[in-house]
Structures are given as structure tokens and as C-alpha cells.
Amino acid sequence: MNIENTKAQMRKGVLEFCILSILSDGDAYPTEIIERMKVAKLVVVEGTLYPLLTRLKNLGLLSYRWEESTSGPPRKYYRLTELGIQFLKELEQTWDELVTSVNQATEKKKTNGAMSAGAASEPDN
Amino acid sequence: MNKTVTINISGVIFHIEEDAFDKLSKYLGTIKSYFKDSDGRDEIMGDIEARIAELLKEKVSDHKQVVLMTDVDHVISVMGKPEDYASETETAQEKKETKEEENAEPGSKKRRRVFRDPDDKVLGGVCSGISNYFDIDPLWLRLSLIIFTLLGGAGIIIYIILWIVIPKAKTTAEKLEMKGEKVNVNSIKKSVEEEMEHFKKKGKDFEQEAKNVASPENRQKIRSGTDKFLDFLASVGTSFIKVFAKIFAVVIIIVGVSLSIALLTSVFGVSNFGWSNANEWMSVFFEDNSQFDLAIIALLLIVGIPFMMLVYGGFRMLLGIQVKNRMIQVISSSLWFIGLILGLYITVDVVTEFTEEGSTREVITLSTKSDTLYLRGTEVPEEVFEDTRLRRHIHRSSNNSNWQFVNMDEKTLRFGYPDISLERSQNDSFHVEIIRYSYGTDKKTALNLARSIRYPQPVITDSIVEFTGVAEFDVTQKWRGQDVKIIIRVPKGRSVFLSKSLKPYLYDVDNVHDVYDGDMLNRAWIMTDEGLNCGTCEGLDLNSKEVHIDQDEIHIRDEDKEIHIEKKDSPSAPSGNKPSVEMNDLNDQEFSLGLPLLRSLIKG
């Protein structure tokens, strides 16, 4: 367990959430997904996206269809499945909760470290 | 001027400079190795190649037809360096592992497993553990275990094996698993349904893929289609194997337990089935009690340990216990080797008891002037035999004789039916020879043992000789292959009549016609130069064939036909270079044989 790995894992969980969110706006092929993620500075290189998509597809969250392309081989257009939509809803909820609690937790630490002693004694009651 | 290579990426053709090609193929190879363990590797690689094709296509035009090194560098910068994949796949693998764990235990509640319950135990907590698993009161299990123990000792073995096999619930998690989701018809149904659902899904996936493949599109899809199909086959196969393994495990346990019970009951003679008190019989065989005890221990170890391991392995398979118990492996295999060494030692010890043979010969000359000697034998009534078939078989076939165990008490062992054979007398009188023999560690012991066999002389009244069927020796002398043989010497020209009662005494008696012993009964046989000839031959099937085969010839002859085949260069053949085939019909009747076949055989 090193710091790089932790970062990668954190990013990964968020990445899956982002992919699902992007696809909820409509079907897309990997390059489109990557463009939007690059804008959001979430992904630096494209290659790492493919394994993610494949896994989400194998989990049944995504499905795909083939579409001819003028500039090269046919493209895979991904779309959310019913399960994917449901999954995304849950993720959105969890994300909101997570953001709130992470913000609370980190802010508490920053602002009043003295309070933590009092907070720690509370569960004893 | 640079050399270019033509490559096909995802169905698109590119001309690429050689050094750029090297770099690209190296890059793809590295990425591929990172995905070695992830599932869907081929699919991921296909997607990546497709994207690379797209990126390269943007870089070439009518003016610039060749892919250059800079283009490959561009592709790598967009797609990511191999290191970027490394961190990706590491976490992908972790994901995969957790996914598998989830699959193994679906549902919110953990599936129930068997543990020994340390909180409610009498001995090892086996009964309470099993009753936790099946939701029954441990009292009933304990009662039935006691009953099984009283009935034949099987209960103890089963308990000990289960004690060894079933792990103890140590952690809280294990204790929870011990009382986890109920195992009943519903939960079994549920798990079967889950399996079925899984199958259906796999099947559908495969159907979908097959449809895609059917449409003429590019090859990645075909590849992933076959992947899916293989996946499907694999999951069906695994389930079959799992079910089969459980059934197999139950069979193994049943076989192992019954073999162990059979072994114990035969050794300790606690049961009344079939052949009991083997140890009583064995005590006549072994030198002393300690040798006998060692032999029993050796037998228990050599045979018993594999049986035990069978049961142990069966339970492990059935309960799905993965943890290896090295202690048990080491202990059982070393015990087995100790048994083997002990067994070898005793075998050598016992074999030396049979190394030397000794015999005594008692000759009785008969004074009768009658031409025919009548031979009779008393038959040992069936009820005198101890009803143990196994014993009677023990040495029946070993010595090419009529040896049969009759019965045994504390002092005497009785055995039956001396062999009677008929030979030519050297003078004009009938003689009866009684030969007693035995084996022993040395000549002297063997001779002493032979001498002490008690077998009464036959009762002779004029021309009638009647033999006794049973001989005996003292149990203290041990069984060392003691046997009695009788030779009747018949002068040439005189005959013997074999009465029906002699049946169990005869074993392969030589005669001119090669008639079986059974057919020799109730007839008179005359001693001739060639051997015994039937005096009253009616009803005997004498159509015996004479067959003679050696290096140079084959000669087959029966009553009225004769076939004679001689080798090519046999000195006695009429023409030196041809094999001769000669067939004679001795009765001048029509006689045919597959002659062409025979000729072709000889020519070949």
C-alpha cells in the first residue's frame, strides 16, 4: 500500500461514477467519454479507460453497439443499462453523502482540534 | 530513404517505418502483459488497437502516407505510457478478487458452514457443531453416537474422524458462520435458482454474441464471442464437477466407513457376520502371541490408515474444507510406514517357518490275492465342518490338493481328505503308502511336525480298503502346512475299483484316457504299461483329441481324423522346399477342413 496506489484507487471509484454520469447524458464512444473527462482533468491518458469500460460492461452496467466510422475501424457506442441507471442513482446519493461527510470531517480537524478530545469521550456514555 | 512495413491494425492497413513499427509492437506487447490476469483481456486489447488505428488514421493523408516515429510517440502520449497501465491493472485485480468473494457468498447473511462448537461441548463439540448446521438438538446425535459405539465401535471411529476433520469455530466470525443462514430445502432451492439464473444469463450473453458474430463484422467480435462460449462451457462444467464431487465424497465416506468397520470386526471378532474369530485361527498360524499381536497392529496400520484417510478426505470434500492439516498428513504417513516395516518383518519371520520340508512314509503291503482292490473312503459329514467358508478356501487351492480345514478346538486342529493317487507297483502285491509331511524352520522340526500328524491306518478287510477322511495335529504345534498323501501301488494286470465315496480324495489322477477324476469313480481301472486303463469303459467319453505341436510339425489326431502339417525345411518333409499338409480320414468318410485358409496360412 503506497500513496500512489491510494490515489489511484480514490480516482478509480470516482472515474466509474463519472463514466456512468457522462453516459446518462446519452450514448457515447470511448473517445467522446475521454474528451469530456479530459476537460474535467480526471483522466490524463486514454488507455486506462478501456479496461474500466470493459469491466463495467461485464458487470452488466453498460451495453454497447457497433457503429461504422468514417475515420477508421467501427466504434463501440456504450449506453447505460437499466442496472446501470439504478447503480448510478445509488452512486449519486452516496457521492452526495460522502462529499458532505468528508467536508465535515476534514473541516472539523482543521478548525477545532481541541474539540476532538471531548468528542472521543462521548461513546462511553 | 527508409524501409516501411505494412501492418493491419483493427482491419485498417498502414504503412509504417520499420523503427516506428518496432516501437509500436513493443508498446502493445508491454500493455498486453499488464492485462495478463484480467478477464476480457482480448476485448480490452481489441478496443485499444481500434483506438490506435483511429489515431493513426488522423495522421496519414494522401500527402503523407507513411506512419512515422513521431506519430507512434503521439499515440503513446495519448493512450498512456505502460506505467500508467500498471497502476490501473493492480487495482483491477484487487477488484476482481473482492468480486469473487462476493460471488462465493451471495446474500446479506453468510452461508452456513460446519464448525465444532467449543461453547457447547461434551468432548470435542462435534455433535453440537453438526446439530447447529442442521438445526437439531445435539442430544439425538449424542444418543445415536452412543448406540453406534455399543453396536460395533463404529461410533468412536466416526467421532474421531469428524473431530479431526471439522475445524473448531475460533473467531466470532466463524461462530456466526456456524449458525449462519439456515440450510434447509428453501435455501438449497434458492442457491439452485441462483445457479440457474447465472446459467440463463450466460446463455443469453452467448446468444447475443452469437448474433453479433453472425453479422459480417470484424474479428474482435468473433473473438469475444468464442470467449463467451468458452466462459459458458466453463461455468456449466464447474457446476457439474462440484455436484459430482459432492456425490463422490459421500460415496467415498460410505466406502471408507464400511471398510473400516469390516476391518475392525474381522480383527477383533466382535461381530457375528460371516467369518468370525479370525484371531483364533491366526493363533494357530503365528509362532507366539506377541508375533500375532504385532501382525494385527501391522494389518491395522497398513490397511486401516488408507481407509481412515478415505473417510477423512471424503469429509473434507463434502464440507469443502480447504485448510490443509500437515500434522495429519505427517502422522498418518509415518504410521503407515511403521506398519509396512512391521508387516515386512513379520512376513520374513513367518516365511522362515516354512523353509524346510519333512516327510514320513508308512508302507502297508496287502496280502489279498483278489484281482481287484476295492477302495472306499469315509465321507466327513457336512455338520462336522465349522461353518466358515473362508477357512475352507484358505488352503484349498494353494497346494494343488484336497486340503480342507475341518474344525478346531483348544487342543486339536482337524483337516480333511488326504490325496489319493494311483501308481504302478514294482512287484506283484498291492501296497498302500501313507505319507505325512509338513514344513518347518529346519529339517528336524519339519520331520517332527510330520511325525506327529495323527492319521489312522485304513481298515483292510480282504480286498476292501477303507480310508478315513480326517487327520489331526495338536494346536500347540501350529499350522505349518501339514498334509497327508496316500499312494496306492497297483501291480500290472490287476485293477482297482474306485467307489463313489472316494470322490473328495481324488485330485487329478493320471490315466490313459485323461478322464476327469469324477468320471473315474464307480469303475474298475486296470494297471497297464501305459498307466491306468478303464476296465469297464461304457459311458465314458473317450473322444479325447491328441494334439502335438513342436518346432517342426503340428499333429492333430482324434478317433477318426488326422491332420499333419510339417515345416518347409524339416528334414523329414518329402520335398525339401514345400511345407507338407497331410490329412487322413481314418474311417474313409467325407472330411473337409478350410483347406485354402490353411494353405494360405502356411505360405504366409
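The values are calculated or read from the model by the stated rules, or taken from the named source; none is laboratory data. For clarity, every value in this text was computed on a predicted model and none was experimentally measured. Every residue, glycine among them, receives a Cβ derived from its backbone with ideal geometry; neighbour counts consider all protein chains shown. Areas reflect the complete protein model, heavy atoms only, side chains present, ligands, DNA and RNA absent. Shrake-Rupley method; radii C 1.70, N 1.55, O 1.52, S 1.80 Å.
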task: Post the alpha-carbon centroid distance, the range A:26-68 to the range B:441-519, in whole angstrom.
output: 98 Å
- prompt: Taking the convex hull of the alpha carbon atoms in the range B:28-70, what volume per residue do you get, in Å³?
  reply: 70 Å³
Accessible area in the full protein assembly, largest first, 1.4 Å probe, for B:74, B:564: B:74, B:564
task: Note down the accessible area of residue A:25, probe 1.4 Å, to the nearest 10 Å².
output: 110 Å²
statement: Taking Lys and Arg as +1 and Asp and Glu as -1, residues besides residue B:488 with C-beta under 9 Å from its C-beta add up to -1
- request: Using only alpha carbons, build the gyration tensor for the range B:281-355 and give me the equivalent ellipsoid semi-axes, biggest first, whole Å.
  value: 33, 12, 8
- line: For residue B:514, the accessible surface traced by a 1.4 Å probe with all protein chains present amounts, in square angstrom to the nearest 10, to 120 Å²
message: Using a 1.4 Å probe on the protein heavy atoms only, what accessible surface does residue B:468 show? Give it in Å² to the nearest 10.
response: 50 Å²
- request: Enter the buried accessible area of the B/A pair, total of both sides, probe 1.4 Å, in Å² rounded to the nearest 100.
  value: 2600 Å²
field: Residue-span extension gain [residue B:174 to residue B:235] - 0.36 nm each, minus C-alpha spacing
entry: 19.1 nm
message: I want the local charge near residue B:161. Using Cβ-Cβ distances under 14 Å, sum +1 for each Lys or Arg and -1 for each Asp or Glu among the other residues.
response: +2
message: Can you give me the long-range amide H partners of residue A:62? Hydrogens built in the peptide plane at 1.01 Å from N, cutoff under 5 Å, separation of 5 or more residues or another chain.
response: A:57, A:81
message: Below 11 angstrom from the Cβ of residue A:91, what's the summed charge of the other residues (Lys, Arg +1; Asp, Glu -1)?
response: -4
